[in-house]
Amino acid sequence: MIDEKRRLEARTATLEEELEEEQSNSEVLLDHSPKAQLQIEQLTTELANEKSNSQKNENGRALLCQNKELKAKLAEIETEQRPKVKATIATLEAKIANLDEQLENEGKERLVQQKTNRKIDKKVKEQILKDQDIYKKLASSFLGPYELR
């Protein structure tokens, strides 16, 4: 890129010299040759084109340099942030594992509680049936020949 810039600068300098030389010559030959004026115009146009191309190339090089700097900065930021991200991920994974364990324990406790509740319900029903039988026996013994309805 630097060689190209130097080449373009050298070419620009050469064209400027040629332009000056042609302008000098054209002043002498201006009355004699319209061809020289056309040549001057062509060289002027060519010089303007070369300057424009040189400026475009310089802008392109500047953008490439800026792009390299931004990539380096991005890599640096990623390198700095990677440990923080890994630590955050590890913390979150530990929390997830803890919550999974809590959920599992709560599920087990719920199953135990349901089993206990079923046993209690069964005992309550059995006791109700026993109490009803006792009530019927007591009622029939007190009422004697009178039946319960």
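Every read-out reported here was derived from the displayed coordinates using simple, explicitly stated rules and does not represent laboratory data. This structure is a prediction, so every number in the text was calculated from the model and none was measured. All Cβ positions, even for glycine, are placed from backbone atoms using ideal geometry, and neighbour counts span all protein chains on display.
Here are the numbers:
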| item | result |
| --- | --- |
| Selection from 141, 54, 72 lying farthest towards where the dipole of the chain points positive, charges on Cβ | 141 |
| Candidate values (1) 8.7; (2) 20.3; (3) 23.7, label of the one derived for mean projected area of the Cα convex hull in nm² | (3) |
| Dipole magnitude (debye, nearest 20) for the range 35-98, charges at Cβ of Lys, Arg, Asp, Glu | 280 |
| Computed helical MRE - 222 nm, the chain, DSSP H runs ≥ 4 contributing -39500 (n - 2.57), nearest 500 | -35000 deg cm²/dmol |
| Under 19 Å from residue 56, Cα to Cα: lysines that are on another chain or at least 8 residues apart | 5, 68 |
| Dipole of the range 2-143, positive direction: furthest Cα of 15, 99, 45, with charges on the beta-carbon | 99 |
